[in-house]
Ligand SMILES: Cc1cc2nc3c(=O)[nH]c(=O)nc-3n(C[C@H](O)[C@H](O)[C@H](O)COP(=O)(O)O)c2cc1C
Ligand code: SF4
Ligand code: FES
């Protein structure tokens, strides 16, 4: 596997996250976040790359990835809609909102439309109960979304995943960098 | 009697000062003055004393006295770490999200003051993965602070050097539990760790570590500027000060409210616009879904830590969920139990299997397929989880359920005898907005 | 020491002891699933709940350290309800298939449910369906539905072994144990998870559905595959061994871990190549006819030329009692003193230095002198890691290749081939050592408790080890010999010389025509004697070779007779392991065909010779050092320092050799799955230059007219310009190649390969 040619940007990210956090093990999740926001999900190649570029076992990478809901290992649409199913959102109509979306998109929760445009997911309490029923579209909050106003979730402009990645890169987990440069 | 509401916000300052997330604006309104003062006084131990004197308690859920927590760090010369818990995921709680999005510099200032007090050269903020906006705001604010010489090899000209890191979670409520958070921050699965050793002794990367909530630490700048007595003008002897309460559910103006800790639930609900006209409060969960609910008859309970415990619940993280009389309590419980099933880390048996079983039983009850003996079984299964799980998530999973059966047993029974919801199906679908 | 009370009984235990272990000391069993002493506390399963006074909640006995004055109750209504609750939870998603589960009758879930279970089933909902019969290694099947997520398997492989090959996947109730797709567990220690699994989730594939607890015999034994001699249990069914399991020995702090080479080789006793039938002059014969003929021929030789014309070499794989019987036969019936152990290495361990596994556990420094424990004596590698988990241990490798590895990091010192001892001599001499070597010297001399794992290859090292011990003065020095044969120290106990010179003299005598008959007890000089050419000359010259044993050596036509003997698991007897500890192994299977125990074979031979042999009772333990063989007292230290030998001329390939149990274990149809297909090793650069694919392929090793072909693998631990050939490899006999020069390596030419195949 070690002769694999990973995309140059993955290599760069791996180096960057490794330089960012004082302890090497902490570089895994920031790296995965970047790849995730670039591609929307984590391909097997991405998991291999994480293991190899960060010096971890694939077992460790897979085990960690499988623990966190935002790290998806299935193809994921360009627009990921999270509908909060928390208690307050449920009380505000989240169930109907979800049903309406499922009907309209012709997919069930957890699925992606056949054109790969939209992935519909439920979320546990998004910590936005003041916006109930709250949603996120590519992690951008939207709410309250009245159950019959679901179309706004499909229409609101989203940045494409690659753009998200670029943004994360600019503002990304570089906490230490500025300091390190001066030291 | 309840204290008067302060004339301004001390934590939710973005409500009073637009754009306070920008360094320039924050500074123009007294930002980083407290830090400057603390550094000039150069007496870290005094800051710990100040925190103790103020009676400030942790806002992450457990309410542990903050100054005391800091003084548990062993004095063995090892480099210490401050970790800020911004993983906010407790259903009903949404204050930390607003705080880091709206007022990130106050968090940074509070963190540097805290780190100066406990002599920590590094600090970390563990931000919930879903808080993309908050993460970006905070990262940008740190960048500004670095550029302005507030963070780095020197802090505002003081030789105290400090590095601050922001780390994103990736969707796991359990990572709010402090030891699971540390595991996650070390790049692992968020399974809680055994205590002892406590984080104060061996936390992040084995170093002595303090874990504090976002809101807790944001209290520091005003405290340093105004002193412990000022802080104690609100609240009670044991629960002094202001608390950001997240009010949601069937109130007219859901949102965060920064209120004195001696207010009652009724006053809080009133502040949030009260319940919908024509409806009565049925039950309130005062501190996030991990806490037992209270019936309407207990609404004059003050929200301080002690009074709520006495009333059979807890302040927790201050996520106050208000349910009016249209609420099917069985459905609410079913929803909450499912949350804990979905968020159980899976490490320990009672939590992993127990929440699965409870969810199945609750679903059956809600469908109208329950039997009378299910109620005692629910309580018995809850008892087999409660106090037996590895971490407090197990207890949290049954708090609402057990209290709901206690206060609303009749409604559970009606679901069984009537084989359906007495309030009619899906009554929540009428959005209140 | 901490004083506490458990169930009203006082006990005092060292600080840091967990309540569960303190209770065990009192004979109070607290149920556990996730806890295992080797792995330490986890606190996941919660079955070990106990009540501790002054604590509001029940506590887990496995994670709670004892405290002064603690009052613990391991029973009572609260505890019982707590445990019942946990068991009920564990059974929610656990299939109720005990009747068809291999673990039925040996399962902790079944046992504890029986103790605590309420008997009634309140769970009416549906169970989660998961993968069953999921192969997680060549030998292991995982049933995810039966798993109780105790994580023992994951923690054992990941933390204890350091080979993270199993993992937890998913979260919450959807958590499962699994492997990365396409990457099954391949650790040679993986089989231990079968023993560690407290339920029937991880099962031995070779044992799957082979037996039920009530139709088996489970006897205490020791593994027969390498000199570590791991304590184990052999399961016999219908006269065949069908399973080998680890056997913990708490008083020796041994958790009973095995390696897969040992665990899955038990079927060698039923291998098609096993000698079950007597042969005389190449033809099958009845056992009695063969014995009579051999006896008569031996008698004739003795009569004509005296007992000294007969020599006996033993491969030392039989029990001490049998080796002793052989020795009696040689001395009494034949009247020869030409009797020796055939060892694959030329070095002789100074017995006074023989160390123990306890020495290793307490070591502060370990020198791997030519030995690669992971490949040669795998469980020693685990023991070393375990020592390191407990306290810091410095590890140095000194050999002709790198001996440390990622799971056993240390400092490596690589010598030129044939110069390992010379290098040690230079280090001990202490003159003009540069940086690293000087540190090695300081480490070796100053570490508090030194253990040397020695492969015995370089005879010159023996005196140097004695010198090292002398230079270290009061600081203890112990040596553990990693070479075979399996029971060579048992043969020593039986009074047979294991000195290289003794075996060499016999073969020289044979080669020079001074012998008229050679008896081989499970010995294969051609394969195992370090100087293969001498062995070949000896076998050509000696007029008669009589073989008795389990697997007859090639070429068989050179053997005048072959007599089958009973093997491990078919006799009850004693073995000595590499620390010289005598271990009793019980029989659990029947010897096949005409095979019979050595003791009865030699008495029959003696009778046929006309000199009936009276074998008195023999107790291997008598007059020994407890259960260890008696060792001579320490001799005064010899002075250090052997001169460095001149370097060999560069350019040619040099042959390195060493023990590799994956190659040397007896033929086994089960373990065939993991027999190393690419046993030769080359540095990756050399492999690239040859054009060898990844991870390896066939190469040809040639010397003069002789060519051999075998699989080779890339291995950065082998220095460039060398080829590593494990000892005893049939395809490429390292003992018949000139180790110095003249060896050539090329990519195997498929056409020539056919011609060259033996
Ligand atoms: C299941 C669980 C979830 C938790 N979630 C959070 C959380 O999201 N945010 C938080 O600050 N504390 C949370 N806590 C509490 C933390 O463990 C810890 O007590 C807190 O961060 C300490 O900070 P404080 O002393 O400032 O309150 C949680 C605890 C548990 C058991
Ligand atoms: S497979 Fe067995 S040993 Fe491994 S975690 Fe599951 S129950 Fe435990
Ligand atoms: S319940 Fe939906 S954000 Fe809280």
Divide by every residue of the protein assembly as shown the summed helix terms, -39500 (n - 2.57) for each DSSP H run of at least 4, and state the resulting mean residue ellipticity at 222 nm, rounded to the nearest 500 deg cm²/dmol. -9500 deg cm²/dmol
Cut-off is 10 Å between beta-carbons; in what order do C:55, B:156, B:291, C:609 appear when sorted fewest neighbours first? C:55, B:156, C:609, B:291
If you take the square roots of the eigenvalues of the alpha-carbon gyration tensor of segment A:1-126 and sort them as a ≥ b ≥ c, do you get rounded (a/c under 1.5), prolate (a/b over b/c) or oblate? prolate
Chain B - percent relative contact order, Cα under 8 Å, separation 6 or more: 16
Segment C:210-234-segment C:246-264 distance, computed between alpha-carbon centres (Å): 10
Nearest 10 degrees, 0 to 90: helix C:77-92 Cα axis against chain C principal axis: 70
Cα-based Rg and Dmax for segment A:9-67, in Å, come out at 10.2, 27
Taking N as the residue count of chain B, its alpha carbon Rg divided by 2.2 N^0.38 Å gives 0.99
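Translational diffusion coefficient, Stokes-Einstein: compute it for chain C using the Kirkwood radius over C-alpha pairs as Rh, at 25 °C and 0.890 mPa s, and state it as an integer in µm² s⁻¹. Could you put the intermediate results ahead of the total?
Numbers: Rh = 28.1 Å.
Estimated via Stokes-Einstein, D reaches 87 µm²/s.
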Take every Cα pair under 8 Å in segment C:654-747 that's 6+ residues apart, average their separations, divide by the length, and report that relative contact order as a whole percent. 41
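Using only the C-alpha atoms of the protein assembly as shown, find the volume of their convex hull and express it per residue in Å³. Before the final figure, lay out each step's value.
On the way: hull volume 271.3 nm³, N = 1374.
Roughly 197 Å³ of hull volume per residue.
Quick check on segment C:337-425: take the gyration tensor over C-alpha atoms, sort the square-rooted eigenvalues as a ≥ b ≥ c, and tell me if it's rounded (a/c under 1.5), prolate or oblate.
Oblate is the answer for segment C:337-425, as a/c is 1.5 or above yet b/c matches or exceeds a/b.
So for segment A:79-170, considering every pair of alpha-carbon atoms, how many percent are separated by more than 21 Å? Walk me through the intermediate numbers first.
Values: 1100 of 4186 pairs.
Everything past 21 Å amounts to 26 percent.
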Run the paramagnetic zone check for residue B:417: 7 angstrom along Cα to Cβ, then residues of segment B:317-336 with backbone nitrogen under 18 Å. B:329-330
Value of Rg to Rh for segment B:242-324 (Rh from inverse mean 1/r over Cα pairs, i.e. Kirkwood): 0.91
What residues of segment B:95-130 lie in the reach of a label at residue B:45, counting those whose backbone N is under 20 Å from a point 7 Å from the Cα along Cα→Cβ? B:113-121
Can you give me the angle between helix C:532-541 and the longest principal axis of chain C, using Cα atoms only, in degrees from 0 to 90, rounded to the nearest 10? 50
Report the antiparallel proportion of the DSSP beta bridges in the protein assembly as shown as a percent, rounded to a multiple of 5. 55
What FRET efficiency comes out for residue C:431 versus residue C:407 if R0 is 25 angstrom and r is the Cβ-Cβ distance? Round to the nearest 0.05. 0.10
Provide the percentage of antiparallel DSSP beta bridges, counting only those with both residues in segment C:2-90; round to the nearest 5. 85
Using Cα centres only, tell me the gap between segment C:120-190 and segment A:67-119 in whole Å. 30
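Determine the relative contact order of chain C: mean sequence separation of Cα pairs under 8 Å and six or more apart, normalised by residue count, in whole percent.
On the way: 1687 pairs, mean separation 96.9, N = 758.
About 13 percent, as a whole number.
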Would you mind ranking C:557, C:174 by Cβ crowding within 10 Å, fewest neighbours first? C:557, C:174
Report D for segment C:555-611 in µm² per second (integer): Stokes-Einstein, Kirkwood Rh on Cα pairs, 20 °C, 1.002 mPa s. 160
Label-point gap, in nm, between residue C:251 and residue C:68 - each point 7 angstrom along Cα→Cβ: 3.4
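Classify segment C:221-352: rounded, prolate or oblate, from the alpha-carbon gyration tensor (a ≥ b ≥ c, eigenvalue square roots; a/c under 1.5 rounded; otherwise prolate if a/b is larger than b/c)? Mind dumping the intermediate values first?
Values: a/c = 2.86, a/b = 1.56, b/c = 1.83.
Since a/c reaches 1.5 but b/c is at least a/b, the shape of segment C:221-352 is classed as oblate.
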Using a 10 Å cut-off around each Cβ, can you sort B:270, A:122, B:177 from fewest to most neighbouring Cβ atoms? B:270, A:122, B:177
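Tell me, in nm to one decimal, what length is gained between residue B:363 and residue B:225 on full extension, where the rule is 0.36 nm per residue of separation less the Cα-Cα distance? Present the calculation step by step, with values, prior to reporting the outcome.
Numbers: separation 138, 0.36 × 138 = 49.68 nm, distance 5.25 nm.
Length difference between fully extended and current span is 44.4 nm.
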When the Cα centres of segment C:472-539 and segment C:305-351 are compared, how far apart do they sit, in Å? 9
Any chance you could give the angle, 0 to 90 degrees and rounded to 10, that helix B:44-54 forms with the longest Cα principal axis of chain B? 40
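Using the beta-carbon distance between residue C:634 and residue B:406 and R0 = 60 Å, what value does 1/(1 + (r/R0)^6) give for FRET efficiency, to the nearest 0.05?
Values: r = 77 Å, r/R0 = 1.28.
The formula returns an efficiency of 0.20 here.
Between residue C:210 and residue C:747, what is the FRET efficiency for a Förster distance of 56 Å, r being their Cβ-Cβ separation, to the nearest 0.05?
Numbers: r = 43 Å, r/R0 = 0.77.
The formula returns an efficiency of 0.85 here.
What is the diffusion coefficient of segment C:2-90 in µm²/s, taking the Kirkwood radius over Cα pairs and the Stokes-Einstein relation at 4 °C with a viscosity of 1.567 mPa s? Spell out each step's value before the answer.
Working: Rh = 12.9 Å.
The estimated diffusion coefficient comes to 100 µm²/s.
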Hey, what does the equivalent ellipsoid look like for segment C:353-478, semi-axes from the Cα gyration tensor as sqrt of 5 times each eigenvalue, largest first, whole Å? 20, 16, 14
Distance in nm between residue B:19 and residue C:607 label points, each 7 Å along Cα→Cβ, equals 11.1
Counting DSSP beta bridges in chain C, what percent are antiparallel, to the nearest 5? 55
With label points built 7 Å along Cα→Cβ from the Cα atoms of residue C:448 and residue C:121, find their separation and express it in nm. 5.6
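Where a number appears in this text, it was derived from the coordinates with a stated rule and is not lab data. Just so it is clear, the model here is predicted, and its values are computed rather than measured. For neighbour counting, all protein chains shown are included, and Cβ atoms are generated from backbone atoms with ideal geometry for every residue, glycine included.
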